[in-house]
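Reading through the C-alpha cells given below for one structure.
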Amino acid sequence: MSNVHEEQCEKNNPSTSGSAKVPGLPSRNSCNNINKVKTDLSEMSASESSSQEIVDKISSRINNLSISDVSNQNENINIDTKQNSGQTSCVSGRKSKNARKKERRKKLQILMPNGVNQPEAIQTAPPLPTQNGVNSVYEIFLKQVTPLYANTSSSYLENLAHHPQLHLMQRMQLQKMLQNHQFDGTLPNTSSMQQAHSSNSLNFPSHVCQQPPKFLQNAMQHPLLSNLFNVNHINLQQPGGFHPMMKSNTFSNFQDAQCNNSPQLNRRQKKQDTKEIEDRKFESYMSVEEVEQGLQNNTLLEGVLRINPKQFQHSYVSSTDRSEQDVLIESIKNRNRALEGDVVVVQYIDSDSEESTNKNEVNKQKRGKVVFIKEQVHTRSCIGNLKLMPDKNRQKALFVPRDNRIPRLNIPFTSWPDNFYQDSKTYENTLFLAKIIAWKDTRFAFGKIVCNIGESGDMQSETKAILAQTDLDITPFGPEVRHLYPRLDYTIPEEEIKLREDCRKLCIFSIDPYNCRDIDDAISCRKLENGNYEIGVHISDVAHFLSENTILDEKVAEKATTIYMVERAYHMLPDDLCMLCSLFPGVDKLAFSVFWEITDSGIVVNHRFSRTIIHSCCQLAYEHAQAVLECQENSEETFPEIYNGFNYEDVSQTIKILGKLSAIFRRKRFENGALRIDQPKVSFHLSPKNGLPDSFSIYESKESHQLIEEFMLLANMTVAKRIYDDHPQLAFLRCHPSPSIFMLKQLATSLKPMGIDLDISSAGSLHRSLLAYAGPDNEDRGKAMVLSMLCAKPMARAKYFCAGGHGEEDFNHYALNVPLYTHFTSPIRRYADIMVHRLLAASLSYRDLSTWDVDKVCMIAAQCNKQKYNAKKAGELSTELYTLKYIELYSPIFTEAIVVEVGEKYIDVIIVAMGLNRRIFFNNDFPGEFKCIKNDAGKKLSKMELTWNATDDLPIVTQVIEVFSTIQVEMHKGDDMVKVETKLVRPQ
C-alpha cells in the first residue's frame, strides 16, 4: 500500500479508535521528508522569511510525510490496526468530502505576532517534529483529533483536564509544551511520544514563538483547565510572558523550572509537595479498645472541647486536675474534625524544645491532640453565605460560615440554589443553613445547603438563623398530640380534688416578670398558733397532664426547654397546655407543694410535701412587690386585681413577712459559703408598630427578685434531698463543678498589683472578697461589671446528671455550696423539673418507677443539658441581635466603656450601659501613635500609650489606657448585620 493511500485512509478515520491500518515498517521516503523539513527550517531560520511563509512551508512538508505503524510499539493505546477486508479504495463521496477538509486545512492560518488577523475557521496546533522519520501518534492526535473537537464542544477540554496522562507527564513536558505551544500532556504515555520529546525535537525560530497561538490561549482560559494553571499569573500577550504558575507549586515560574530541573531538586520538590499534602490530612481515630485502655491508664484525657472564638486555631479541654492549666490543642489538624462542645478524647503530645527548657516547668501548659470523638454534640450545621470560587468553578462553590470556628465548606453544584452560577450577586446577602457532610482536608470541609434562611439584616431571618444554628426546634405541635391533654375549659374532677390537699383558702399569689404568661410557681404564708410561719411554695403539677411514654411526652423531652428570645418565647409545651397549667389568679389549679414551718428568726423547723389544689388570689409583677417592700405611697393604686376574698392588706402583709424571712435566708446562705456572680442582662422595649427596639435597660436584682429566689432555692434543695434519699440510683440532680483553680490563681495574681485582693480558697471566700469591689453598695458599676466578667471566666458550666451514673464526689454545687441540688420549680419551661416531679410523686407513693433505669435517666439528663445550653446561647444571640439593631437605628452612639484587657494592638472593653463586650483595634487609620507597654508582672498590668495628633482646633493629646480605665467610645453599624464598629473617642 502506498504512503498516499495510508495518509488518505488515516484522514478518513481520524479518531484513535478508528479502523485505519498502519504498516509496521517506516519507509525511507518518510525519513527523507523529515530531513527535508529540518533542513528547510534551518534555512528559514537563517533567512528573514515572514512567519506566515514559515508556517506554510512547514505545513506543506508535513502534509507529505508518511505515518509509520506504531501498533506493535503502542499496544496500550486504542488504535485499531485492522483494515476492512476488500477496502482498497475509499468511497468517492467520502473521498471528495475528505479532500475538501484537506483543502480547508491547507488554507488554515494562525494569528501571527504582527497582529494580522487571519480567518479562524478551525484552530489547530503548529506542526510537530518527527523522530527518525517516524510520525508519532502525537502528530495524529493533534492534526486529526484536535481540529474536530477543539472548536465545537467543551467536552473535549474536559477530557483533557481529566486525562491521566496530563497529570502523569505534567512536570516532564511543561517546558517543551511552552516552547512549542503544544498540549503534550494530553497524549498517552507511548514510546513514540517519549521519542518525540527527546533532545532532537524540532525547535521553531524565536521570532515565530513570540506569541502563543489562539487555540492555546483559549485552552488556558477554559475553566476546566484553570485547575491546573493559574491564569491570573499568565501574560499571553507579551513576548516571553507566558510562564504559568502551577497551583500545586510544582514550578515557581518557567525560568526556575528550566534552570533547576535536576533530579535532586525534583526529589526535594516532590518531598515538599508530599509533606504539604500530608499536613492537610487528618489522622485516623483510635479504636474504642485503645481509647478505653488509655483512659484507664491516664495516658488519654476525656473532656468537652472549647474553641477560642477569636482565635479558632486554639482549642482547649479542661484537665482532670482543676489546679492545672487546660490542655491546649493547637491547629485544626490536631483538633481532628472536632467542633465546639464535642466530648473528645485527647492524647498528650510533647511540647517544643523551648518550652521543655523553661525554668517554670511545673506551670508549663500541656498540649494535646484529639484522637477520638466520644460524642458529637455539635450539629455540624452553620449559618453563612454562599459565594462562587475565585476561578468561577462550575462544580463547587464556597460557603463561608459566620462562626469562624467552623471550617469553610465546598458546596457541590447539585446543592446550589436556582440560577446561582449565572446570578450569584443576587445571593450575596442571603443567609443559608449548611451542613458538614465530610471533612478530610484541614483547609475546608465538604457540605451541602440545607435551606435558604432569608436576607441578612431582616430581623425575622436573623432570628430564624439563630434558632437554626443553635439546633433548636420551634415546630408547633401537630394535631396528632391534641387528644393527649385536656382543653382550656377543663374542670378539675371531684375525684381528683378528694385525692389532694385543698389549699384554696390560703392567701396564695405569684410574683413574676411583667406580662409573664407561663406562671410556674406561687407562694403562700400563714401564721401558726405557736407563732411560727407556714411558708408554702406551690408549683404547677404539669406531670399530672403530661402522661409518660406518650408521643407528646417524647416530643416535649426532645425540646426539653422553653426558648426565650427577645421578641417572643417558644414554649416547650403546647400553648394550650401552658395556659392550662399556668397558675393564673381566680381559677382552681393543680399543684405540687412544699411546706416549711419557719420561726420568726428564719430557722426551718420541719417540712412536708403534698399534691394540692390552689386558687391564686393575685398575679404580681416584681415592680408591685418591690413597691410594697419599699413602702411606696402609690403601691396600692398600682396593685393588680385581687380575687378569692382577699384584699391589698392581706397580700402586702404577706409580702413583707416573706421579704423579712428571705433576707435572713440570703444572709445565712452567703455566710455558709455561697457565691453569686451577677452578669449584666439587657431587656428591650419593642415598638408595637414594627417590633424594633426603641429603648433598653439593664436588669437589676432587687429585694423582690431575691424574695422569690430564696424560697425557690430552698424548695429545690429540699426536694433534692428527698428524691436522693428515696431513689439513690435514679435521682435527677444538678451539680456545679469546681472552677479552674489555675485560672483563678492567675486572675488573683494579676489583680493584686492593682490593689484588688481575691481570696480564691473557696466559693464563700471569693464572694466575700468581691463584695468590696462589686457589692451592692459599690457605686463603680463599670468596675463591678469587669470583675464579675473576669471571675465568671474560670467557672465551669452547671449540668444535670443521674445519681447512679456519677460518684458522690461529683454531686456538689460549687456556687451554692450545697451537697445536693436539683430543679423542681419550673416544670412548664424545663423538662428536668418534670422528671423531678415524677420522682417526688413516686417517693410519696403516687406513682411507680418500675420502667426507669439509670441509662434512661442519663440520656434524658444529657438532652436537657444540651438543650438548656443551646437555648441560653440563642437567647444571648437574640439579645446581641437587638442590641446591634438598636445601634443601627440610633447610631452613632457615644457612651461609656470600661477596659477589660490591653493587647498588643487592641483593647477589650465592656459597654457599661448595655453590658456588651467589644474589641477596639488600633491600626494604620488611628489618628496618632500607639504603643503597648507590657508588664512582666502580669498581662493585666499592660498599658496602651496613645498620642493623638494635633488638629486645627485641638492640640496633641497623650492618653494612657489600662485595665479598669473608663473611656468614651463611639459605636455604629458595620457593613455586616452582625458587626458593630467600635472606636475610641478622642479625650477632651
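Listed by first and then second residue, the pairs with beta-carbon distance under 6 Å, at least 6 apart or on different chains, first residue in segment 448-477 and touching a residue at least 12 places away in the same chain (Cβ under 8 Å), second in a loop (DSSP other than H, G, I, E, B) and surrounded by fewer than 19 Cβ atoms within 10 Å (Cβ to Cβ), are Glu455/Asn429; Ser456/Asn429; Leu467/Ile474; Asp471/Thr379.
For segment 879-912, filtered to residues that are in a strand (DSSP E or B) and of a type in the set (D, E, K, R), the residue that is surrounded by the most Cβ atoms within 10 Å (Cβ to Cβ) is Asp908.
Elements of the type helices (runs of 4 or more DSSP H) sitting completely within segment 721-831 and holding at least 1 residues that are touching a Pro at 6+ places or on another chain (Cβ under 8 Å): these cover 741-751, 781-792. Every condition in (1) surrounded by fewer than 19 Cβ atoms within 10 Å (Cβ to Cβ); (2) touching a Pro at 6+ places or on another chain (Cβ under 7 Å) holds for Ile933 except the one numbered (2). Test Gly915 against the stated conditions and say whether it is closer than 30 Å to Leu747 by Cβ, small (Gly, Ala, Ser) and surrounded by fewer than 17 Cβ atoms within 10 Å (Cβ to Cβ). Answer is no for this residue. When Leu877 is tested against (1) among the aliphatic types (A, V, I, L, M); (2) in contact with a strand residue (DSSP E or B) (Cβ under 8 Å, 6 or more places away or on another chain); (3) under 30 Å from Lys783 (Cα atoms), exactly one condition is not met: (2).
Evaluate segment 974-982: report whether one residue or more is touching a Cys at 6+ places or on another chain (Cβ under 9 Å), at pLDDT below 90 and small (Gly, Ala, Ser). No; the residues of segment 974-982 include none that is touching a Cys at 6+ places or on another chain (Cβ under 9 Å), at pLDDT below 90 and small (Gly, Ala, Ser). Applying the criterion of being on the phi > 0 side of the Ramachandran plot and in a loop (DSSP other than H, G, I, E, B) to the residues of segment 294-350, the residue that is surrounded by the fewest Cβ atoms within 10 Å (Cβ to Cβ) is Asn298. Determine, yes or no, whether Leu658 is in contact with a Leu (Cβ under 7 Å, 6 or more places away or on another chain) and farther than 22 Å from Arg829 by Cα. In short, yes. Of all the residues in segment 275-317, those that are of a type in the set (Asp, Glu) and at pLDDT below 90 number 3. Taking every residue in segment 756-769 that is not assigned by TED's automatic domain parsing to the domain that holds Ile677 and pairing it with any residue that is in a helix (DSSP H, G or I) and of a type in the set (A, V, I, L, M), at least 6 positions away or on another chain, the pairs with Cβ-Cβ distances below 7 Å are Leu758/Leu747; Leu758/Ala748; Leu758/Leu751; Leu758/Leu766; Asp759/Leu766; Ile760/Leu744; Ile760/Ala748; Ile760/Leu766. Answer yes or no: is there a residue in segment 958-974 that is under 30 Å from the mean Cα position of the chain (by Cα) and either in a loop (DSSP other than H, G, I, E, B) or without any contact (Cβ under 8 Å) to a residue 60 or more places away in the chain (or both). Checking segment 958-974: at least one residue is under 30 Å from the mean Cα position of the chain (by Cα) and either in a loop (DSSP other than H, G, I, E, B) or without any contact (Cβ under 8 Å) to a residue 60 or more places away in the chain (or both).
The values are calculated or read from the model by the stated rules, or taken from the named source; none is laboratory data. The structure displayed is predicted, hence computed values, not measured ones. Neighbour counts run over all protein chains shown; Cβ positions are idealised from the backbone, glycine included.
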